[in-house]
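See below for the structure under consideration.
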Amino acid sequence: MKLLVTGGAGYVGGVCATVLLERGHEVVILDDLSTGNRDGIPEGATFIEGDVATKIGDVLDSTFDGVLHFAARSLVGESVEKPGEYWQGNVVTSLTLLDAMRSTGVDNLVFSSTAATYGEPEQVPITEDMPTRPTNTYGATKLAIDHAITSYAKAHGLAATSLRYFNVAGAYGSAGENRVVETHLIPLVLQVALGHREDIKVFGDDWPTPDGTCVRDYIHVADLADAHVLALETNSAGVHRILNLGSGEGFSVREVIDVCREVTGHPIPDVIAPRRAGDPAVLVASSSKAIDELGWSPSRTDLRTVVEDAWAFTSNLGDRAHSAPR
Ligand code: UDP
């Protein structure tokens with residue numbers, strides 16, 4: 001298939017593009033490099049620099065078989081402070097993409113959605129039929145796009161899947177986590193092991209969880225990428241599926257830091273800090289629907305494998321690490 005991957009210079013988009021190329025697909029990446037890295041673009045992909053909103057009309061034509069849409073703004077804190085940038089950059093841009101797909105007859109879509117669409121869950125594991133009450137603008141914009149995709153599928157026959165990711169981690173090929181602004185737990189902990197930061201702040205140890213720290217569901221980025229390929233291959237006209245992707249097991253912040261200590265051999269000092277606004281205590285996915293509907297079988301569900309792969313990537317970055325002292 002000839003596929004357009006928006007945001008393919010980013011972490012998840014880069015890994016998915018790598019896996020698509022390995023499976024023999026032709027990949028065109030459209031990315032404005034606002035948060036992505038040129039380094040993360042896999043060999044063999046055609047790269048077009050530019051943002052989706054202004055470039056999609058020039059890039060997308062009827063020779064494409066499908067689109068994987070990753071390009072988005074994705075910092076939760078920033079989304080609350082600058083909502084306009086998120087409604088414009090995520091929702092308006094995605095509508096432009098949907099209209100371009102419609103006018104060119106490209107009718108197969110996989111969309112990068114998020115667990116942030118659910119907000120604070122009433123119970124875990126979270127299934128797709130639970131209420132969607134996002135607690136931040138980022139989650140609200142992704143939920144709005146999910147709704148738009150449902151309408152386009154119904155009205156115009158679009159074949160689509162939204163994949164709601166839980167905590168994506170690990171690395172694959174040349175792509176891993178190396179953001180200019182890093183907020184995620186595992187890459188931050190590994191930056192301590194690299195000597196690029198002194199300690200890791202634990203955002204609260206008084207949560208209603210077994211060790212008092214927040215529990216999350218960490219999914220290996222390569223397993224996540226496999227689900228995208230399966231979604232693309234099994235999409236059907238006029239149907240919009242919404243599927244959670246997680247490993248189904250929760251680990252506390254303390255457990256994650258302990259695994260990072262084992263893998264890196266570094267003591268990784270931690271400091272208890274105040275709770276972070278908007279953090280739910282526990283987020284764990286039920287991925288049963290993805291497993292049933294896609295025939296997905298995640299094979300890297302062990303947290304140690306996730307951290308080992310992340311560490312292999314991070315420890316090889318050298319001067320390319322955005323966290324490196326300059
Ligand atoms: N976390 C932390 N210290 C940090 C970064 C994150 O204690 O420096 C915690 C955060 O409160 C959450 C978990 O680690 O409970 C995972 O956070 P992350 O930002 O990686 O992903 P999120 O769950 O927000 O999508």
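The values are calculated or read from the model by the stated rules, or taken from the named source; none is laboratory data. Note that this is a predicted model, so its numbers are computed, not measured. So basically every Cβ, Gly included, is an ideal-geometry build from the backbone, and we count neighbours across all protein chains shown.
Being buried (at least 21 other Cβ atoms within 10 Å of the Cβ) and in a helix (DSSP H, G or I) holds for only one residue in 29, 56, and it is 56. Looking across segment 200-235 at every residue that is hydroxyl-bearing (Ser, Thr, Tyr) and over 16 Å from residue 111 (Cβ atoms), the one that is nearest to the ligand (Cβ to nearest atom) is identified as 213. Only residues that are more than 22 Å from residue 187 (Cβ to Cβ) and crowded, with 24+ Cβ neighbours inside 10 Å were counted across segment 206-231, and they come to 1.
Among the residues of segment 106-123, those identified as at pLDDT 95 or above and over 17 Å from the mean Cα position of the chain (by Cα) are 106, 107, 108. Scanning segment 69-101 for residues that are assigned to a loop (DSSP other than H, G, I, E, B) and in contact (Cβ under 8 Å) with a residue 24 or more places away in the chain gives 70, 71, 72, 73, 74, 75. Scanning segment 172-195 for residues that are more than 13 Å from the ligand (Cβ to nearest atom) and outside any helix (DSSP H, G or I), we see that the one that is surrounded by the most Cβ atoms within 10 Å (Cβ to Cβ) is 175.
Taking the conditions (1) surrounded by 19 or more Cβ atoms within 10 Å (Cβ to Cβ); (2) in contact with a strand residue (DSSP E or B) (Cβ under 9 Å, 6 or more places away or on another chain) in turn, residue 311 satisfies each one other than (2).
Taking segment 156-171 as the range and being part of a loop (DSSP other than H, G, I, E, B) and out of contact with any His (no Cβ under 8 Å at 6 or more places or on another chain) as the test, the residues that pass are 157, 166, 171.
Scanning segment 102-149 for residues that are in contact with a helix residue (DSSP H, G or I) (Cβ under 6 Å, 6 or more places away or on another chain), under 23 Å from residue 247 (Cα atoms), assigned to a helix (DSSP H, G or I) and away from the ligand (no atom under 16 Å from the Cβ) yields a total of 0. In the condition set (1) out of contact with any strand residue (DSSP E or B) (no Cβ under 8 Å at 6 or more places or on another chain); (2) within 22 Å of residue 98 (Cα to Cα), residue 46 is compliant with all but (1).
For the criterion of being within 12 Å of the ligand (Cβ to nearest atom) and without any contact (Cβ under 8 Å) to a residue 60 or more places away in the chain, residue 156 fails.
Residue count for segment 68-92 under the criterion of being hydrophobic (A, V, I, L, M, F, W, C) and out of contact with any Ser or Thr (no Cβ under 8 Å at 6 or more places or on another chain): the result is 1.
Can you tell me which residue within segment 276-296, out of those that are modelled with pLDDT under 95 and not hydrophobic (A, V, I, L, M, F, W, C), is surrounded by the fewest Cβ atoms within 10 Å (Cβ to Cβ)? Residue satisfying both the conditions and the ranking: 276.
Scanning segment 236-277 for residues that are out of contact with any strand residue (DSSP E or B) (no Cβ under 9 Å at 6 or more places or on another chain), small (Gly, Ala, Ser) and within 16 Å of the ligand (Cβ to nearest atom) turns up just one, 277.
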